[in-house]
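Colleague: Dropping the structure in here first, questions after.
The values are calculated or read from the model by the stated rules, or taken from the named source; none is laboratory data. Note that the structure is a prediction, hence the values are computed from the model and not measured. Backbone-built Cβ (ideal geometry, glycine too); neighbour counts: all protein chains shown.
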Protein chains: 2
Amino acid sequence: MRAQPIGRLGRVDRRSWLGKVRDAVDSLVKHSPSRFAILIFASLIVLFTVLFSLPIASADRQVTPLHDAVFTAVSVICVTGLATVDMATHWSPFGNTLVFIGVNIGGVGVLTLASILGLVISRRLGLRAKLIAASDSNPSRIHVGPVSERQAIRLGEVGGLLATVAISALVIEVTIAIGMIPSMLAAGYDAWHSFWYSFYYSAMAFTNTGFSPNPGGLEPLVGDYWFQSLLMLGVFLGSLGFPVIFALARAWRHPHRWSVHVKLTLTTTTILFVAGAAMFLLLEYGNPKTYGQLDAGPTVFQSFFMSMMTRSGGFSTIDMHDLNGSSLLVSDMLMFIGGGSASTAGGIKVTTLAVLFLAAFAEARGAPSMEAFGRRIPRDMLRLSVSVVLWGATIVAVSSIAILQITKQPFDYVLFDVISAFATCGLSTGLTAELPPEGVYVMALTMFMGRVGTVTLAAALAASQRRQLFKRPEERPIVG
Amino acid sequence: MRAQPIGRLGRVDRRSWLGKVRDAVDSLVKHSPSRFAILIFASLIVLFTVLFSLPIASADRQVTPLHDAVFTAVSVICVTGLATVDMATHWSPFGNTLVFIGVNIGGVGVLTLASILGLVISRRLGLRAKLIAASDSNPSRIHVGPVSERQAIRLGEVGGLLATVAISALVIEVTIAIGMIPSMLAAGYDAWHSFWYSFYYSAMAFTNTGFSPNPGGLEPLVGDYWFQSLLMLGVFLGSLGFPVIFALARAWRHPHRWSVHVKLTLTTTTILFVAGAAMFLLLEYGNPKTYGQLDAGPTVFQSFFMSMMTRSGGFSTIDMHDLNGSSLLVSDMLMFIGGGSASTAGGIKVTTLAVLFLAAFAEARGAPSMEAFGRRIPRDMLRLSVSVVLWGATIVAVSSIAILQITKQPFDYVLFDVISAFATCGLSTGLTAELPPEGVYVMALTMFMGRVGTVTLAAALAASQRRQLFKRPEERPIVG
Ligand SMILES: [K+]
Ligand SMILES: [K+]
């Protein structure tokens, strides 16, 4: 008789059913965090599709067509903000509550998943250590060693992180919502609607979703600079990403203690915000359909608003259909870049772009390594960034070709809505709402690939470090 | 009295005026090869602008407007093939001769300059060594050492290279031209026109320019598979690049002796050629304006023809204006990629794209280094490739925004013509010919930046290697 099998059996027997599930999830999180993320996202989308299909979810108590239910579920869980139905009128109060809960799960869940994944890729530091590492300049982050079993992630840690993120999100959303109520009352809504719309808009801002609850959307609120500024603040905080929010909350008075990730995200975000606003100002100030009839002050403010919203917010005070082609292209670029890593924003992420430019600058200076804020950026970050950009470009290209071929609509509108879907921005030229069912499914897939893909790809790639057994001779092709 | 100044003065005095110029050029080539290339290009463009402006250059003996003369000069010297005037009827025989000479200087000159620059970037090996190195798997190429004064390039070597390239170009162009004469005769042209058109088309194919000398262009020759195949052969050889042609000429029976550069160029070119044709077939077989009325065989052939020509040839048997939006996007991507390094083709070059994908594959496999055909690709190639792509994307974006704002034309046509200009492809939706003068100058600048920039950028960047005096601490941002 051998002791081991019995011992193992005995241990399994002592465990509860819940314990087994817990072990399985623990194992999945530990061994394949990217598959875990994809599984979670897919399950949420299936669940919300079923819920949105229920007659009680729609205002007219009819079953919502499958493609619209799928699209809404994906758009909500991926915090995109694109819609194939009128979000303000199609859904019942139950449906609207689903949307509200869905974007919070999607937004906060993404923050958490991304943080978990970011953690796994960073050589499996302990979770707390990783969060501190990513948010200030603690030297432990620099440590790269073999993976210790004890440092691997446990489900308990995931729960703790989820709670931290949820509480932060709640505090920010409630604060902004309270600030919005006076604006809603001033716009003529009654007390209950002012309350509900404020919380809805606040959640839509922080989660970077961009749905409007009221018929007419932002129109009754355009020119209310207090309200628009609160929207921008919510979008801005959400798009920075959890590690940056965490760092700012801990050490906003001490910029020298911020990590390179925080500095890089803030710098790139600021540059894109100002440059985007300048471009919209330059290209649209003379367009009679957009800013042409506004005075100088409002034009400048709305340009900044537009610049912030293209980076993933998805709210707009003008019709994207009326923009000049040049502004559509500028928006395409800003949307594709998106927000910060581990944020509610989409796109390839600002740090990805920053790493590409740091590489080009290093190349131009003939410097041996990429540098930012007095730190070297490891060489493998460039490879990871290139992979993310290639992934994004491939999805946008394939999806655009498919939508172009299905609809035969003008390329500028197709490209705009496809990039908006990929980067989960939510701005639309109106094309998405007019798509036939097969186009709706293509767009839903684009949102899913853009949101889940970009978040998990970097993690999956970076986690698959493999040791090389032998070294091949080196050879240099010619490029350029 | 000190000896040295007198000695130096004495040496200078003994030198002829020509010797001084030679020394200056030698010094420029050696110390700043990219500035040398830009200077040569700019001088040629100024010279050809003056020549094209002369009344004897135009068929009606009028002075050609400056913007048209500048555009034609840039288009000819950069072997683009875009036109703002009707190339078949606007120019006199003298003008047509200028075009013929111009594309050969531009095409052959680019090959040579690119080779010189490629040589400088490759740690300044001797010129012959470099050519051999880039074209077969001679181990000397792997040597990376300090720059020896004796290994620096001398003007004499440049002359030798120019002669080699010119003779190769001549042999290829004459062979193809002779093959085309029967087709021209069969199409009903007289002996002289058949001869002239054959040489013109052959030169336009090998230099990847894409102008047509006869009114009606390729129309009388569509369906002549022999002629179209010769055109494709010329474009194909020109777009491979000199190092690859050199390797194939030396060792076409021995693929195992080819360098990674040769293998990478041939593989990527083949993949893009077949994939492009498959996409055009799929997206256009049902389009009544393009391949809709053709049978299966001709549709397949014309799809391959189209795929080859988008990669920089610039000839077309169908009107780009009639393509589906999806096919325009596929063409945009193929044009942007372009042909081989040190070739008459434009774009970011196939090896640049290949390096990006090799990096992504290495990342996905978790391998520590990029590999292709049993060789490691040095890490710094990725940085160089990223720089070239960012340069290309920036030019296309800025130029597209400018043209969109100037013309307010549909984005698909603007993007197509701008990428065609950047990648010196020469296909057009008809937009370029309709541009106002300021748009013509933007497009001319785009061609110049695309052609000269991409060729010299890689060299300028790679040449500026600098030693780092101290090492900064490493820190890892989050991307994706
Ligand atoms: K959004
Ligand atoms: K061309």
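Colleague: Do you know which residues across segment B:411-428 are under 22 Å from residue A:410 (Cα atoms) and within 15 Å of ligand 2 (Cβ to nearest atom)?
Modeller: B:416, B:417, B:418, B:419, B:420, B:421, B:427, B:428
Colleague: Also: Can you confirm whether segment A:383-393 contains a residue that is farther than 21 Å from residue A:37 by Cα, surrounded by 21 or more Cβ atoms within 10 Å (Cβ to Cβ) and either small (Gly, Ala, Ser) or touching a residue at least 40 places away in the same chain (Cβ under 8 Å) (or both)?
Modeller: No, that holds for no residue.
Colleague: Next question. Looking at segment A:292-314, I want the residues that are away from every other protein chain (no Cβ under 14 Å) and closer than 16 Å to residue A:218 by Cβ and have a partner that is away from ligand 2 (no atom under 16 Å from the Cβ) and among the acidic types (Asp, Glu) with Cβ atoms under 9 Å, at least 6 apart or on another chain. Which pairs are those?
Modeller: Note: pairs meeting the criteria are A:302/A:284; A:303/A:284; A:306/A:284; A:310/A:332.
Colleague: For residue B:246, which of the numbered conditions (1) within 29 Å of residue B:84 (Cβ to Cβ); (2) within 14 Å of another protein chain (Cβ to nearest Cβ); (3) of a type outside the set (Asp, Glu); (4) surrounded by 20 or more Cβ atoms within 10 Å (Cβ to Cβ) fails to hold?
Modeller: That leaves (1) as the condition not met.
Colleague: Name the single residue, out of those in segment A:358-384 being more than 7 Å from every other protein chain (Cβ to nearest Cβ) and in a helix (DSSP H, G or I), that is nearest to residue B:371 (Cα to Cα).
Modeller: A:380
Colleague: Report the residue count in segment A:211-269 for those that are over 30 Å from residue A:295 (Cβ atoms) and among the polar types (S, T, N, Q).
Modeller: 4
Colleague: For segment A:328-336, state whether one or more residues are acidic (Asp, Glu), crowded, with 17+ Cβ neighbours inside 10 Å and either within 14 Å of chain B (Cβ to nearest Cβ) or within 23 Å of residue A:201 (Cα to Cα) (or both).
Modeller: Yes, segment A:328-336 has at least one match.
Colleague: Please go through segment A:249-276 and give me each residue that is within 14 Å of another protein chain (Cβ to nearest Cβ) and of a type in the set (Lys, Arg), ordered by number.
Modeller: Within segment A:249-276, A:257, A:263 qualify.
Colleague: For the condition more than 16 Å from ligand 1 (Cβ to nearest atom), within 14 Å of chain A (Cβ to nearest Cβ) and either at pLDDT 85 or above or in a helix (DSSP H, G or I) (or both), what is the one hit in B:95, B:118? Step through it out loud before you land on a result.
Modeller: Values: B:95 fails: within 14 Å of chain A (Cβ to nearest Cβ).
Only one candidate passes the filter, namely B:118.
Colleague: Also: Given the criterion assigned to a helix (DSSP H, G or I), surrounded by 24 or more Cβ atoms within 10 Å (Cβ to Cβ) and at pLDDT below 85, identify the matching residue among A:343, A:312.
Modeller: After ruling out the rest, the residue left standing is A:312.
Colleague: Also: For segment B:408-440, how many residues meet the condition of being facing chain A (nearest Cβ under 7 Å) and in contact (Cβ under 8 Å) with a residue 60 or more places away in the chain?
Modeller: 1
Colleague: Do we find a residue being among the aliphatic types (A, V, I, L, M) and under 16 Å from the mean Cα position of the chain (by Cα) anywhere in segment B:303-313?
Modeller: Just the residues of segment B:303-313 that are among the aliphatic types (A, V, I, L, M), to begin with: B:306, B:308-309.
Narrowing further to those that are under 16 Å from the mean Cα position of the chain (by Cα): B:308-309.
Among the residues of segment B:303-313, at least one is among the aliphatic types (A, V, I, L, M) and under 16 Å from the mean Cα position of the chain (by Cα), which makes the answer yes.
Colleague: Ok, one more. Does segment A:339-357 hold any residues that are within 8 Å of chain B (Cβ to nearest Cβ) and within 24 Å of residue B:392 (Cβ to Cβ), and which are they? Working first, answer last.
Modeller: The first filter runs over segment A:339-357 and keeps only residues within 8 Å of chain B (Cβ to nearest Cβ), leaving A:341-342, A:348-349, A:351-352, A:354-357.
Selection gives A:348, A:349, A:351, A:352, A:354, A:355, A:356, A:357.
Colleague: Is there a residue being assigned to a loop (DSSP other than H, G, I, E, B), away from ligand 2 (no atom under 16 Å from the Cβ) and within 13 Å of another protein chain (Cβ to nearest Cβ) anywhere in segment B:319-326?
Modeller: Yes - at least one qualifying residue is present in segment B:319-326.
Colleague: Another question, then. Which residues, taken from segment A:407-453, are within 16 Å of ligand 1 (Cβ to nearest atom) and of a type in the set (Val, Ile, Thr)?
Modeller: Once the filter is applied, which keeps residues that are within 16 Å of ligand 1 (Cβ to nearest atom) and of a type in the set (Val, Ile, Thr), segment A:407-453 yields A:418, A:419, A:424, A:429, A:432, A:446, A:452.
Colleague: So residue A:398 fits all but one of (1) buried (at least 24 other Cβ atoms within 10 Å of the Cβ); (2) over 30 Å from residue A:165 (Cβ atoms); what number is the exception?
Modeller: So the condition that residue A:398 fails would be (1).
Colleague: While we're here: Within the set of pairs 6+ apart or on separate chains, which have a first residue in segment A:202-214 that is aromatic (Phe, Trp, Tyr), a second that is within 10 Å of ligand 1 (Cβ to nearest atom), and C-beta atoms under 6 Å apart?
Modeller: Close Cβ pairs satisfying both conditions: A:206/A:238; A:211/A:81; A:211/A:204.
Colleague: So which of A:309, A:370 is out of contact with any Gly (no Cβ under 7 Å at 6 or more places or on another chain), of a type in the set (A, V, I, L, M), away from ligand 2 (no atom under 16 Å from the Cβ) and under 16 Å from residue A:81 (Cβ atoms)?
Modeller: Residue meeting the stated conditions: A:309.
Colleague: Right, residue B:110: among the aliphatic types (A, V, I, L, M), modelled with pLDDT under 85 and in contact with a Cys (Cβ under 9 Å, 6 or more places away or on another chain) or not?
Modeller: The answer is yes for residue B:110.
Colleague: In this structure, is residue B:60 touching a residue at least 40 places away in the same chain (Cβ under 8 Å) and surrounded by fewer than 24 Cβ atoms within 10 Å (Cβ to Cβ)?
Modeller: Considered against the rule, which asks whether it is touching a residue at least 40 places away in the same chain (Cβ under 8 Å) and surrounded by fewer than 24 Cβ atoms within 10 Å (Cβ to Cβ), residue B:60 comes out as no.
Colleague: Any chance you could count how many residues in segment B:185-220 are farther than 24 Å from residue B:347 by Cα and part of a helix (DSSP H, G or I)?
Modeller: Of the residues in segment B:185-220, 13 are farther than 24 Å from residue B:347 by Cα and part of a helix (DSSP H, G or I).
Colleague: Which of the residues belonging to segment B:385-407 are facing another protein chain (nearest Cβ under 7 Å) and over 23 Å from the mean Cα position of the chain (by Cα)? Can you show your working first?
Modeller: Filtering segment B:385-407 for residues facing another protein chain (nearest Cβ under 7 Å) gives B:385-388, B:390, B:397, B:400-401, B:404-405.
Of everything in segment B:385-407, those that are facing another protein chain (nearest Cβ under 7 Å) and over 23 Å from the mean Cα position of the chain (by Cα) turn out to be B:401, B:404, B:405.
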